[in-house]
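First up is the structure itself, then whatever we jot down about it.
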Amino acid sequence: MNTDQAFDLLKDAGVTESSSIQTVRRWLREGKIKYEGGNGNRKTGYLMDDTDQAFEMLKDAGVTENNSVQTVRRWLGEGKIKYAGNGKRSTGYISDDRASKLAINESINQNKDEIIHRLKLKIQAQEKHIEGIEELHETAKRILIQQRDMFKKEVAILKNEKSELQNESKDLLKENIELRNELIKLKEKIRNNYMIDSTIQPNDYSEKLGLSKMASDKEVLAEYKGLLKITHPDHNGNAKVFHYIKTDYDNFRKNNKGK
């Protein structure tokens, strides 16, 4: 192969002109090509010895493997490569591109294996990612279940407390009603004793209070104090009744002062 043929080969393979010039010069120094036809009259229809030689030269020129496969296949179809090569430089004229197809298929198979390997790695990474997501989902699910159970317990406790408060409120209301009724009766009794019953003598303090005639002075005083507290206007008592009771109370204390 001469310099013109080598230059045309590289250009046809897609190598830039500057890179082609540098490669041709290097091949010429290394004795891989002959200096013939270097006058610009580049011959066409040149032939390579075999496909192996074509792959090696393209590889040496820096052409990628995929581009080399496509270029060699095209050259073989165009009759620019004379023999098929499989690493042993076998002979035999090639009338079709079956040998090239074998080389291309081998390269494609290698590429497929690489692609499959990469896909497997991606699938493994995705599976790990999915496992991580599933684990997070299960963790979140457990937390939500725990929170739900806790809320249910709190709701049950609140319901019990509400029920207890309602019962206590009912008991207090009942007790308040009973006390109110007792107070009403007591006030009614006091009113009757001091304002209606005219048969009671003014100085019959024990009888006015509904006590026994044998009641002690301390008992009478204690009863008066209780009535004064109940009938006091500040406690919603009857002012008129309070006045009567207060008058009797003062009189009783005055009459018993020396005792």
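The values are calculated or read from the model by the stated rules, or taken from the named source; none is laboratory data. Note that this is a predicted model, so its numbers are computed, not measured. Cβ placement follows ideal geometry from the backbone for every residue including glycine, while neighbour counts extend to all protein chains displayed. Ligands, DNA and RNA are excluded from the accessible area calculation, which covers all protein heavy atoms including side chains. Shrake-Rupley method; radii C 1.70, N 1.55, O 1.52, S 1.80 Å.
Principal semi-axes of the equivalent ellipsoid, √(5λ) from the alpha carbon gyration tensor of the stretch 131-178, are 46, 4, 4 Å from largest down. Annotation: amide H-H contacts under 5 Å for residue 2 (H modelled 1.01 Å from N, sequence separation of 5 or more, or interchain): 34.
Determine, for each peptide in 16-23, 167-174, the mean count of other beta carbons within 10 angstrom over its residues, then list the peptides with the highest first. Could the numbers behind the result be given before it?
On the way: 16-23: 13.9, 167-174: 10.0.
Ranking, from highest mean packing down: 16-23, 167-174.
Take 35, 249 and sort them by solvent-accessible surface of the protein heavy atoms, 1.4 Å probe, largest at the top.
On the way: 35 155, 249 25 Å².
Accessible-area ranking of 35, 249, largest first: 35, 249.
Protection proxy ranking for 236-247, 51-62, using the average of other Cβ atoms within 10 Å per residue and placing the highest first: 51-62, 236-247.
What the phi angles of the stretch 204-213 give under the Karplus curve with 6.51, -1.76 and 1.60, with θ = phi - 60°, is a coupling list of 7, 5, 4, 5, 4, 7, x, 9, 5, 5 Hz, glycine and proline written as x.
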